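Here the structure comes first, spelled out in structure tokens, and everything after it is commentary.
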Amino acid sequence: MVKPPQKTSPATVERISEAFIDIAALPPRVAALREKILEAAEARDIEALRPAIEWNETPPIFARGGGAPKGFSQTIEFLKSRSFDGKGNEILSLLKAVFAQPFVITRRGPVTTYVWPAFAMRQRPDPAPEERLVMLTCVRFANLGARNDIGLPLIERIGIGADGTWHYFWSG
């Protein structure tokens, strides 16, 4: 018996825009959260990131799977533990590097998310050497030897909803 082809619901299809560099085109709440995160990164104090994290009703997702903090109170310590230096400086540097790149807009059903860096969502298995170097600025030291399914490094990415909700900062 042959099974009929499964139909994909429009809500499950993720559409990814071309890359954008014009930060002025961001919705005001997305731009405001991005600025809060960058201010914390410029302060070079992981504790300065707390207001941006607590901007949401729930904490952003900082890791896939188990071990990620479930509440606000553990978030800063978790980020410190993920940072190579144990103080959070690597995380702050990664945030700056990721936000320095172009972004894309993803849409899945009614959900719109702004994602940095664009190359994390539009990966090619054969980036030019210059592109590969830029990618590496967005990779945690602990992940330098790890690769995704097409052989590229596990790039840190940030997703912010159109309403200014910080959804995630993780690698993939």
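All of the numbers you see were taken from the coordinates with simple rules; none came from a lab. On a predicted model such as this, the values are computed, not experimentally measured, just so you know. In this analysis, Cβ positions are derived from the backbone assuming ideal geometry, glycine residues included, and neighbour counts consider all displayed protein chains.
Numerical summary
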quantity: Potential extension, THR106-PHE84 segment - 0.36 nm per residue separation minus Cα distance; calculated: 4.9 nm
quantity: Qualifying chymotrypsin sites (Phe, Trp or Tyr not before Pro) for segment 54-152 [loop in DSSP, other Cβ within 10 Å: at most 15]; calculated: PHE84
quantity: Size of electric dipole in the chain: Cβ of Lys, Arg +1 and of Asp, Glu -1, about Cα centre, debye, nearest 20; calculated: 620 debye
quantity: Neighbourhood charge, 12 Å Cβ-Cβ cut-off, centred on PHE103 and excluding it, Lys, Arg +1 and Asp, Glu -1; calculated: +1
quantity: Inter-label distance, nm, simple model (7 Å from Cα along the C-beta direction), THR58/ASP45; calculated: 3.1 nm
quantity: Relative contact order for segment 101-172, counting Cα pairs under 8 Å that sit 6 or more residues apart, in percent; calculated: 28 percent
quantity: Principal semi-axes in Å for the chain [√(5λ), Cα gyration tensor, largest first]; calculated: 26, 20, 18
quantity: For segment 90-137, alpha-carbon Rg relative to the globular expectation (2.2 N^0.38 Å, N residues); calculated: 1.28
quantity: Contour minus Cα-Cα distance for SER17 and ARG29 (0.36 nm per residue); calculated: 2.4 nm
quantity: Within the chain, longest stretch free of exposed GluC sites (Glu not before Pro) [DSSP loop, at most 16 other beta carbons within 10 Å]; calculated: 58-172
quantity: Taking the chain and dividing mean pair separation by its residue count, relative contact order in percent (alpha carbons under 8 Å, at least six apart); calculated: 27 percent
quantity: Farthest toward positive dipole pole in segment 25-171 [+1 Lys/Arg, -1 Asp/Glu at C-beta], among ILE91, ALA40, THR113; calculated: THR113
quantity: Mean shadow area of segment 83-172, taken as a quarter of the surface of its Cα convex hull (nm²); calculated: 6.2 nm²
